[in-house]
Amino acid sequence: MHRPALRLLPLCLAIACAAHARGAHAQQAAPATWELCPDAQTLPMFRPLSNAVSPADGTLLPTDVNGESIDISQRDTTVLSGNVELLRGDQWLGTDQLTYLHESERFHTDGPVKYQDDGLRFTADRAEGDQKADLMRLQNVRYQFNQNLGNGTAESLTLVGKTGTMQAGTYSTCPPGQRQWEFTASRIDVDQENAVGTARNATLRLGGVPVLWLPYVRFPTDDRRRTGLLAPTLGRDDRNGFEYEQPVYLNLAPNYDATLRPRWLSKRGLMLGGEFRYLTPGSIGVLDVNWLPDDDVTGRDRGLASFQHRTSLGPQWYASANLNHVSDDRYFEDFGDSLATSSVPLLASDAGFYGRGLGWTASLSAQSWQIANPIVIPGTEPYRRLPAAQAAWARPFAPWFELGATAEAVRFQHETLDGGERVDIKPFVRLPFGGAAWFLTPEIAWRYTAYSLEDSLVPPGGDASPSRSVPVMSLDAGAFLERDFQWSERSLLQTLEPRLYYLRVPYRDQDDLPLFDTQPLTFGWPGLFRDNRFSGADRQGDADQVTLALTSRILDAADGRELVSGSIGRIHYFDAPRVTVPGAPPLADNGSAWVAEANIALSSRWSLGLAQQWDPDTERTVLSAVRSQWRFGNGGLVNGAYRYRADLLEQTDVSFALPINQNWRLMGRWNYSLRDNQTLEALAGFEWKSCCVAVRLLGRQYIREFGGDRTTGIYLELELNGLGGLGRNTARLLDDAILDYSR
């Protein structure tokens, strides 16, 4: 008897494939569970999932046929009856009766059909097929994916080779009895070979109400990149009005693509945006452009362009570029979506060649700046570095002996100020002595800096080629002590880590040297152990000082997790520092402020961090910061912070994500300036989430620039699990506003 080599269904339920591919990311992020929709009414598993070889790996596998009885009384007909099963690899098909006609190679079932493989299961009232024509027809299909929540129905499904046609098909990730959203189409055709589907008369329903109708739409049926529409973005704020952005993805080639982003702003007009990405065996890059012709508010063209590129030049060298240009200094103020982005003062561009090897680094680069905020006075922007060459080298010649050097040569240019050239060289000798519980590292360096200055930078009667030469000597020493102890039947380890850092730099009069790129560094814990209190090479701070610091930690002996840590330290001046820059606050005669830090994390759900700087000379607090985080329940999160810096800022910041129950969650943030008595940013909203739909509504008010106008925005996002999202991408907004929101 000719054995029926039935071709089992190759997973081409058309609309299911389309939605499964389109919503792959969302389905991976969401657990495959209907716990928020308890009355799932889903198809049960017909049999345990198999670990057998899939058809993609074994298309020539034999088909095993089983049944309670077999009728071969007719010459060209075989009838299998009673719990008929066909099994090939991971594919299983079950029915009550299967009839196979040998001459025509046709088959049909009498009674319902069940099918399951590792990715899908379905039922149908009837199945019939033609092996010669590679044809199968199914009636009244109901299907369910195994690894995600996708499910649906079809009046009929016809499979011919690698193409399929579904009549009256539906798809949703909601359970069959609770269709909060559903996608339907009168007809869907799928070409498996090209992984492309076509739907006709397609409708998206929310809660049974049609919200989107498309007479004709093409879609991918796998995760390959294809040209098409991406999810739109909607929003509203006071400055730009209603906003709608419709991205269009262009799959130009396997190694480069583009995304067009037309964005309509009701108060300003149509902004055209686009991104072009490319990837070659040795290079990667992105070009991003936004252009608003004839802004309805300002009456002029507005835009922003950026270009990032990186090319490998070998195992140790590469070239990179980060080029940016903005049309005017109020662009970020008008189109930024937070205080941080709308208050960008300067826009940097740089490009260069960079190398790194064992014990060395080198670069040749150029850098320029553009004013991006009206608070920056023209002429005060940093000097352009055209070009800058840098190199660093260090090599140990023995475990206790190391030689090294750093060098830099820069040409400084400016639109309104005279510039010059600077060479800075710093060779050093380091002797790193130490053991398991101690270290002692003396170091001596010689810093030489020379200039070639343009006319206006040369003081009357001064030198156009001044130089500075100064030795830099330091001694860094410390110890690591530890002890074991028990607390509440818990094995703990405590460390005691004293550290001493002595620095000696003789005074050199540097008042006649220019200030190209030098500013005082912000003082904090790292500043206790620096050999220069200034950035750049235009100033080398004089020093005859010693830092005494102490750190102690308590660790869990079982896993090494840090539970408590505390540090305190201060610089003592033997001679008061004299080198300074215009506008810098004067330093105390006898020492720096006390610096203290502490961190407490007794559990994985609660943490507390403290930082304090206290100046004994003025007997006042210079800096104070407190931050805390508490996690609770399933996704509950509360952050609190206080920040104070003398004569600069005093702020509080509270944010939270509060689950009310399985479906509802509240989110919010309040960032308040105590110094200015005003709210910097306030955000409040809610999320309602079921097993297949999520709705987020946020209201937000924030200051676009320091001392500037407030902006109020409303953001609505509708997320359909397995299909995509509509509206503003609130996840990025919440990640920026609420610390560790997505963790």
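Of note:
- Å² per residue, accessible surface of the chain at 1.4 Å: 50
- DSSP loop GluC sites (Glu not before Pro) with at most 13 other Cβ within 10 Å: longest gap in the chain: 194-414
- The alpha carbons of region 471-596 stretch over 65, 24, 22 Å along the principal axes, in descending order.
- Viscosity 0.890 mPa s, 25 °C: Kirkwood-radius Stokes-Einstein D of region 197-253 over Cα pairs, µm²/s: 175
- Solvent exposure, largest accessible area first (probe 1.4 Å, DNA, RNA and ligands not counted), of T711, T522, T621: T522, T621, T711
- Loop-resident chymotrypsin sites (Phe, Trp or Tyr not before Pro) (DSSP state other than H, G, I, E or B) in region 504-598 with no more than 16 further Cβ atoms inside 10 Å of their Cβ: Y507, F574.
- Segment D125..L515, full-extension length gain: 132.0 nm, with 0.36 nm per residue of separation and the alpha-carbon distance subtracted.
- Summing Lys and Arg as +1 and Asp and Glu as -1 over all other residues whose Cβ lies under 14 Å from the Cβ of Y278 gives a net charge of 0.
- Sequentially through region 90-99, phi angles give Karplus couplings (6.51, -1.76, 1.60; θ = phi - 60°) of 8, 8, 9, 10, x, 7, 7, 8, 10, 10 Hz, Gly and Pro residues having no value and appearing as x.
- Tail fraction, Cα-Cα pairs, region 604-740, threshold 26 Å, whole percent: 36
- Stokes-Einstein D in µm²/s, Kirkwood radius over Cα pairs - region 630-676 at 25 °C with 0.890 mPa s viscosity: 203
- Hz values of 3J(HN,Hα) by residue in region 241-256 - Karplus curve (6.51, -1.76, 1.60), Gly and Pro given as x: x, 6, 10, 9, 10, 10, x, 10, 8, 10, 8, 7, 6, x, 10, 7
- If the Kirkwood radius is taken over C-alpha pairs of region 113-258, then at 25 °C and 0.890 mPa s the Stokes-Einstein diffusion coefficient equals 140 µm²/s.
- Between region 467-544 and region 618-697, the Cα center-to-center distance that results, in Å: 34
- Selection of trypsin sites (Lys or Arg not before Pro), region 624-692, meeting DSSP coil and at most 13 other Cβ within 10 Å: R675
- Under 5 Å, built H, 5+ apart or other chain: amide partners of T77: H102
- For region 522-536, putting each phi into the Karplus relation 6.51 cos²θ - 1.76 cosθ + 1.60 with θ = phi - 60° gives couplings of 5, 7, x, 4, x, x, 5, 10, 8, 9, 7, 8, 10, 7, x Hz, in residue order, rounded to whole numbers and with x for Gly and Pro.
- Of the solvent-accessible surface of the chain, computed with a 1.4 Å probe and all protein chains present, 57% belongs to carbon and sulfur.
- C-alpha center-to-center spacing [region 571-605, region 267-313] in angstrom: 43
- Relative pair counts by distance (%), Cα atoms of region 311-453, 5 Å bins: 2, 8, 12, 13, 13, 13, 12, 10, 8, 5, 3, 1
- With Rh defined as the Kirkwood radius, the inverse of the mean 1/r over Cα pairs, the Rg/Rh of region 322-391 is 1.12.
- Along each principal axis, Cα extent of region 244-327, largest first, Å: 51, 26, 13
- For the residues I444, I600, a 1.4 Å probe over the protein chains yields an accessible-area ranking, largest first, of I444, I600.
- Amide H contacts for D295 (H built 1.01 Å from N in the peptide plane; partners 5 or more residues away or on another chain; cut-off under 5 Å): R300, D301, R302.
The values are calculated or read from the model by the stated rules, or taken from the named source; none is laboratory data. Quantities reported herein were computed from a predicted structural model and do not represent experimental measurements. Backbone-built Cβ (ideal geometry, glycine too); neighbour counts: all protein chains shown. We work out accessible area using only protein heavy atoms, side chains counted, and drop any ligands, DNA or RNA first. Shrake-Rupley method; radii C 1.70, N 1.55, O 1.52, S 1.80 Å.
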